[in-house]
Amino acid sequence: MPRFSPLDRDVQYVKGVGPRRARILERLGLRTARDLLYHTPRRYEDASTVSPIGSLETGMEATIVGRVVSKGVLPTRGGLRIFQAVVKDRSGYVECAWPGQPFLDRVIERGDLLLLSGTVRFFHGKQFHPREFTTLAAKGEGAPLSEGRVFPIYPTTEGLPHRHLRQLIADNLDELLHEVETEDVLPEQLLAEACVPPLPRALDLLHRPPSVAAAEEGRRRLALEELFFLQLIHARTHREATQSVPGIAFEPRRTLVRQLYRSLPFELTGAQRRVLRQIGEDMSSGRRMNRLLQGDVGSGKTVVALFAALRAIENGYQAAMMAPTELLAEQHARTVRGLLADTGVTVEILTGRLTGTRRREARERVASGEAQLVIGTHALIQESVEFHRLGLAIVDEQHRFGVRQRLALSERGDSNTEGSRTPPDVLVMSATPIPRSLALTLYGDLDVCLLDERPSGRGQVRTAIRRPKELPQVFQFVTDEVARGRQAYVVYPLVEESEALELTAATTEFERLKAEGFSGLELGLLHGQLPSDEKERVMEAFRSGALDVLVATSVVEVGIDVPNATVMVVQHAERFGLSQLHQLRGRIGRGASTSYCIIVSELGHGSERLRIFARTEDGFRIAEEDLRLRGQGDLFGPRQSGLPAFRWARLETDLFLLNLARTAARGLVAEDPDLASHVRVRDALERTYQERAEMFRTG
C-alpha cells in the first residue's frame, strides 16, 4: 500500500476550490491535489503565433487576440441564428461569426479579451470564423498574453471558465511543486542520459514556460516517467512469465528438424537462420520462452514456427498454432502437411467448422497425444479442448486476438505431469510490421526477433496509383495478364453497397464484372459473410487455377498463398489503412514472375498516404510513415491490444526515451525483482499505474 502524500488530499481542500468547484473539477477527472498539479496545458500560445488583426487576409488560418467591442445574435431567412462579435486590437477590428451557436451570447461579454483560432473568410468584408476560442480576461482585467510571454491553454469544462482554472493553478503551483519534490523517483542516471530536468522543474516548465521549447523539455520529462513505468510493468511481467515457474529444456535432438531442413524446396534466408538460433537458445535454456516473431509479408514466419514446433515434438511434446480465421488456419494446415509429408508427424486441424463426431474425434486425438501438431482457431482455447502434453504455443497474427485469448493458449500445459502444470513455451507471430516504438510499447514483455529479409526467387512487385476513370485500362491489363496464364484479385472495402458512403461493393461489382469488365473469364466471389464451406470451395477453385479472377473484400489480406496470382487491384484504396494495403499487396509476388499492385482512388497521387505506399515495399518503413501521419492514436484498439493511452509520451518522436526507459526498467527488475530496495518506485507504481499493471497480469 503506497504511503499517503499531501498531494493525495481531496482537491476541495486546495486553496480556492471548495465543495462546489470540486464537483466541477471532478468532471475533468481532477479529484486530488495531485490531479490538479498534473493537469497540464493541451497547447501553448505566444506572441510569435498571434497575428495582428490588421494583417488578416481572406483564406488565412490565424490566431488572434482582441477585446470584444460589440456582440449580438443575427437571425437569417433560413432560420439559422448566428452569434457575431466584433473584436479589436491595436492594429484594427474584425467581425467574428459563429453560425448556429446563439448560446455564445450568454458566454461572451463585451470587454472580454479573447484568444481565437480559425479561418478568415469573405462575407461583406473580412469575417473571422473561429474553430475555438479562450477567454483570457474579463472586462477590466489585464492581458495575460504580453509580448514574449507563453500562454498555456488548459482543458476545461462547462462551469469553469479557462481564466478561473488558469488562476486556480497559478495560485497553488508553488505549494504543489514543493510537495512533489519527494516524489521524483526516476534514477538520476536515467535523467542525465535523457537530458531532462527533475520532476518539480519539469512541471514548472509545463505550467509556466518561458518558451514553447521549455514546455517541450518539461513534456519529455513526464513522457520519460510514463515510458519508464510502462517498461517496468513489462519487465516484471516478462520475468514472471519466463522465470517465476520452471520452463521446459528442449534438447536439440534434430531428427525431425533435420528431415524438414533437407526436404525444403528452398534455402532459408540469413534472417530465418538467425531467428532460429535465437528461438533454439530460448527453448533449450530451461527458461520459459516468451517471444514475438515479427516479420514483413512473405518473410517466411510459418517455416520458422514449424522448426520450433518440431523441436518440441522431438522431445515428446505437442505444439499448437492458433490463427485468427478459419481461412488462415486451413492455409497453415495445408502448407504444414505438405512440408511434413515424409516425417510421420500427425497434424490435426481444429476449427469451428468441425461438428459432431468429427469434432469429438479430433479432441480425443489432441487429448491422447496422437495429434502432435494442432492447428486451429479460437476453438483451441475452448474448455472442452485438453492437450496431452503441450510444449509450445504459437499464436499467429497475434494482434487480432485479445490479451485473454493469447493467454488462454499459453496457459495450457503438460496435463499429465504430477503436481503443478508446466506452462508451454510461447511464440507469438505478427505479419503486420509495426514501428519499433510501438512494438516496445505493446510487447515490451516479450523478447522480439525480426525477419527482415525476403526469400530469394520472389518476383518484383510494381505498384501504381490510378483514378476510377482509368478502370477500363486497368481491367484490360488484368485480362491481358490472365491471357498469359496468370490470375488476379480485385478487392473492395465493402460486401454490400452503401449509399451513405457512395462506395461500390464486392457483391454488386462481382455481377457487373462478370457481365462487362471480365466477360469470358472465370470469376469467384469471396467475403467474410459466406459460409465456411463456400469460402473454402471458392479458395480451392482459385488455388487450383479454375478461377481467373477473385473478387473479394479484405478477407484475403492474410492466409492466401497463390504464387500464380500476379495482379492485385484495390478499389477505393483510400478506405484502407496503409498496413492493410501492404497486407493485400503481400498476396502477390509469391512466385518468380513480376507482379502488379494497382490501387484505385479518386484521390490519385494527391494522397500522401497512397504515394508513400506506392514508393516502397518495406512494411516497416510503411508502418513508421503511418505512425507519423496518424499519430499513435488507437492504432490497434486499447481494449484489444493493451496499447496505453499516453498523456505525455509520443511514440512517433520519443523512441530515444523509450529505449532508455526499457534498459533502465529491465536493469532495475534484474537487480531488485520485487522492488524491495526501491520503495518509492514501488509506491509510485502502485499509486499511479496499478490498473495498467493488473491488465498485463490478468490480460
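So the values come out like this:
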| read-out | value |
| --- | --- |
| Local electrostatic count at Trp98 - Lys and Arg +1, Asp and Glu -1, tallied over other residues with Cβ under 12 Å | 0 |
| Burial ranking of peptide ranges 437-447, 281-291 (average Cβ count within 10 Å, highest at the top) | 437-447, 281-291 |
| Share antiparallel - DSSP beta bridges, the chain, percent rounded to 5 | 45 |
| Candidate values [x] 51.2, 167; [y] 30.4, 107; [z] 30.4, 90, label of the one derived for Rg and Dmax of the Cα atoms in Å | [z] |
| Rg [Å, one decimal], Dmax [Å, integer] - segment 51-144, C-alpha atoms | 12.6, 40 |
| Average Cα contact separation per residue, segment 51-144, under 8 Å, 6 or more apart, as relative contact order % | 29 |
| Theoretical FRET efficiency, 1/(1+(r/R0)^6), r = Cβ-Cβ of Arg458 and Arg77, R0 41 Å, to 0.05 | 0.05 |
| Packing rank of 511-521, 325-335, where each peptide gets the mean count of other beta carbons within 10 Å, highest leading | 325-335, 511-521 |
| FRET efficiency, His164 to Arg121 (Cβ-Cβ, R0 25 Å, nearest 0.05) | 0.20 |
| Paramagnetic label zone (point 7 Å from Cα along Cα-to-C-beta, Gln189; backbone N under 11 Å) in segment 226-256 | none |
| Acute angle (nearest 10 degrees) that the helix 270-284 long axis makes with the longest principal axis of the chain, alpha-carbon atoms | 90 |
| Extended-chain gain in nm, criterion 0.36 nm per residue less alpha-carbon gap, Thr508 and Leu471 | 11.7 nm |
| Residue-averaged [θ]222 nm for the chain, counting only DSSP H segments that reach four residues, each worth -39500 (n - 2.57) | -11500 deg cm²/dmol |
| Shape category assigned to segment 7-64 from the gyration tensor of Cα positions, a/c cut at 1.5 | prolate |
| Cα gyration tensor, segment 468-601 - rounded (a/c under 1.5), prolate or oblate | rounded |
| Highest-first arrangement of 348-357, 73-82, 312-321, where packing means the average Cβ count within 10 Å | 312-321, 348-357, 73-82 |
| Equivalent ellipsoid semi-axes, segment 105-220, via Cα gyration tensor eigenvalues times 5, rooted, Å | 35, 18, 12 |
| Nonlocal amide H pairs with Tyr596, under 5 Å, H built at 1.01 Å | Arg462, Val567, Met568 |
| Contact order relative to length of the chain, as percent, for alpha carbon pairs under 8 angstrom and 6 or more apart | 12 |
| Positive-end residue of Leu627, Ala235, Ile394, charge dipole of the chain with Cβ unit charges | Leu627 |
| Backbone HN-Hα couplings from phi across segment 535-544 [Karplus 6.51/-1.76/1.60, Hz, Gly and Pro as x] | 4, 5, 5, 5, 5, 5, 5, 6, 4, 6 |
| Distance from segment 197-233 to segment 581-628 (C-alpha centre basis), Å | 37 |
| Estimated FRET transfer efficiency when R0 is 56 angstrom, pair Arg239-Lys139 (beta carbons, to 0.05) | 0.35 |
| Listed pairs Lys301/Lys514; Lys15/Lys88; Lys469/Lys535; Lys514/Lys535 exceeding 26 Å between Cα atoms | Lys301/Lys514; Lys15/Lys88; Lys469/Lys535 |
| Beta bridges by DSSP in segment 468-601, antiparallel share as percent, to the nearest 5 | 5 |
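Just so you know, all these numbers are worked out from the coordinates, no wet-lab data involved. Here the structure is a predicted model, which is why all the values come from computation and not from measurement. Please note: Cβ atoms are built from the backbone with ideal geometry, for glycine as well, and neighbour counts cover all protein chains shown.
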